[in-house]
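Contents: one structure, followed by commentary.
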Amino acid sequence: MPLPKKPETIRTVYLDNAATTPVDSRVLLAMQPFFAEQFHNPSALYRGGLRAREAVEAARQGCAKALSTEPDTIYFTSGGTESCNLAILGSARAHTQRTGRVGHILTTAVEHPAVLHACHFLEQEGWRVTFIPVDAHGKVTPETVAQSVEADTALVSIMYANNEIGSIQPIADIGRALLKYRKANGTLFPLFHTDACQATPELLLDVEKLHVDLLSVNGSKIYGPKGAGLLYKRRDVPCTPSTHGGGQERGLRSGTENVPEIVGLGAALSLVRQDLAHHRQHTAELRDTLWEGISRSIPRVHLNGPPTGADRLANNLHVHFDGVDEEALLFYLDEYGIQVGIGSACSSQEKHSSHVMQAIGQRTDGNIRFTLGRQTSEDDIAYVLRYLPPIVDAVRTMRSERL
Ligand SMILES: *Cc1c(COP(=O)(O)O)cnc(C)c1O
């Protein structure tokens, strides 16, 4: 089969919202004054500085409210990667300061590279790391986590929702199990961190109910700016700073505050949390239509990860197309204006096969990730369902002709 005839006007359909989301126009508007007119350093004592400080603190309050916590537990960072690194390296160092020794970290085999590589870095310093295996749906159980805690476990770091296959982990139950362990043993450790970068637009984010000590949020996945993020750190949780300098962010993260990004993150987080139920319903409906259409009209496909339902992010569809070169499919879809992901955006540059697919025992080739967003429409999905089947057919034919 040849490629289908292109439409006269190519529609742009963005289905890679797990890589990053477009910035909400209200967020952009909120950020704008803080680049040029209100450019002042929030540490300055004249009125311009005080106004910048007020904007930063208002954003902090908004973020705290979204997480059902107090503003003094919110630390602004440069994004998900930095938040995860600060949580992991900071709590590990704090553990060493108290015990005089390196210790143990518990995490899963399907974490984002921001967590995996921070853990690998600590391994080079002598830390032991356990990467808990997951089931075929990419999930861990609270029992396995609790059983894997060792006497010197400083930190448990488990992502809330997976960025490739959308598996949702039972964070509140894990938190409760760890709390029980700490109470029974009269210890402060292990601390519990969750990477909530993918979970923020649709899952419970109440830090008390989740029983987490540390939680990472990212601006670029929630219709906010790239390069903005926050770390929630419960009061009295020990964590050493990532940067040393002027003492901003209560000494944990020195450096002049990025006022426009902080304002943007605050606006984006508040907006996305107000839109929670609608976002979930909207993306789930369209995602289900997309999967129905794909499974009806394209032979030899299967869904990777958990079934669509409570265990899976509402906006995530990760499909295996048998006999398809995923890069070829991605490039041809792009010719028709359809933008999708293969694995995770972060690892597509590294060119290695997905550790998540390996962990769930699935093929690492022929997989395409469709992640929907607030802006995805019925017409978008209809367009994809019109062009995807013949393009898959064409890519399969090209491949078999080449072989
Ligand atoms: C995107 C993402 C990160 C990293 O965020 P950056 O903005 O790239 O630093 C971390 N964890 C998860 C689950 C993510 O999806």
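The values are calculated or read from the model by the stated rules, or taken from the named source; none is laboratory data. Note that the structure is predicted; figures quoted are calculated from it, not measured. Note that each Cβ is placed from the backbone with ideal geometry, even for glycine, and that neighbours are counted across all protein chains shown. Just the protein is used for accessible areas: all its heavy atoms, side chains included, with ligands, DNA and RNA removed. Shrake-Rupley method; radii C 1.70, N 1.55, O 1.52, S 1.80 Å.
Within segment 113-145, restricting attention to residues that are acidic (Asp, Glu) and not in a loop (DSSP other than H, G, I, E, B), which residue is farthest from Asn316 (Cα to Cα)?
Glu123
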Failed condition for Pro22, given (1) open to solvent by 70 Å² or more (accessible area, probe 1.4 Å); (2) within 16 Å of the ligand (Cβ to nearest atom), with all others met? (1)
Of the residues in segment 157-173, those that are closer than 26 Å to Arg93 by Cα and either away from the ligand (no atom under 16 Å from the Cβ) or surrounded by fewer than 22 Cβ atoms within 10 Å (Cβ to Cβ) (or both) come to Ala172
If Ser25 passes every condition in (1) in contact with a Gly (Cβ under 9 Å, 6 or more places away or on another chain); (2) farther than 17 Å from Val237 by Cβ but one, which one does it miss? (1)
Going through segment 19-61 one residue at a time, which ones are among the acidic types (Asp, Glu) and either within 20 Å of Tyr75 (Cα to Cα) or over 31 Å from the mean Cα position of the chain (by Cα) (or both)? Glu37, Glu54, Glu57
Limited to segment 146-199, what total is found for residues that are β-branched (Val, Ile, Thr), within 24 Å of the chain's Cα centre (by Cα), within 20 Å of Leu86 (Cα to Cα) and part of a strand (DSSP E or B)? 2
Determine, yes or no, whether Thr283 is hydroxyl-bearing (Ser, Thr, Tyr), out of contact with any Ser or Thr (no Cβ under 6 Å at 6 or more places or on another chain) and open to solvent by less than 10 Å² (accessible area, probe 1.4 Å). yes
Where Val129 falls short, out of the listed (1) in contact with a Ser or Thr (Cβ under 9 Å, 6 or more places away or on another chain); (2) closer than 28 Å to Pro260 by Cα; (3) away from the ligand (no atom under 16 Å from the Cβ): (2)
When every residue in segment 231-247 that is free of Cβ contacts under 8 Å to residues at least 60 places away in the same chain and part of a loop (DSSP other than H, G, I, E, B) is compared, the one least open to solvent (accessible area, probe 1.4 Å) is Gly247
Residue check for Val13: within 16 Å of the ligand (Cβ to nearest atom), among the aliphatic types (A, V, I, L, M) and under 28 Å from the mean Cα position of the chain (by Cα): no
Could you list, in sequence order, all residues of segment 206-223 that are out of contact with any strand residue (DSSP E or B) (no Cβ under 8 Å at 6 or more places or on another chain) and more than 7 Å from the ligand (Cβ to nearest atom)? Asp206, Glu208, Lys209, Ile222, Tyr223
Subset of segment 77-126, residues within 15 Å of the ligand (Cβ to nearest atom) and among the hydrophobic types (A, V, I, L, M, F, W, C), comes to Cys84, Leu86, Ala87, Ile88, Leu89, Ala109, Val110, Ala114, Val115, Leu116, Ala118, Cys119
Would you call Ala64 in contact with a helix residue (DSSP H, G or I) (Cβ under 6 Å, 6 or more places away or on another chain), touching a residue at least 12 places away in the same chain (Cβ under 8 Å) and surrounded by fewer than 24 Cβ atoms within 10 Å (Cβ to Cβ)? no
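Residue-by-condition table, conditions (1) in contact (Cβ under 8 Å) with a residue 24 or more places away in the chain; (2) in a helix (DSSP H, G or I); (3) open to solvent by less than 50 Å² (accessible area, probe 1.4 Å):
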| position | (1), (2), (3) |
| --- | --- |
| Tyr75 | yes, no, yes |
| Cys84 | yes, yes, yes |
| Ala87 | yes, yes, yes |
| Ala92 | yes, yes, yes |
| Arg98 | yes, yes, no |
| Glu111 | yes, no, yes |
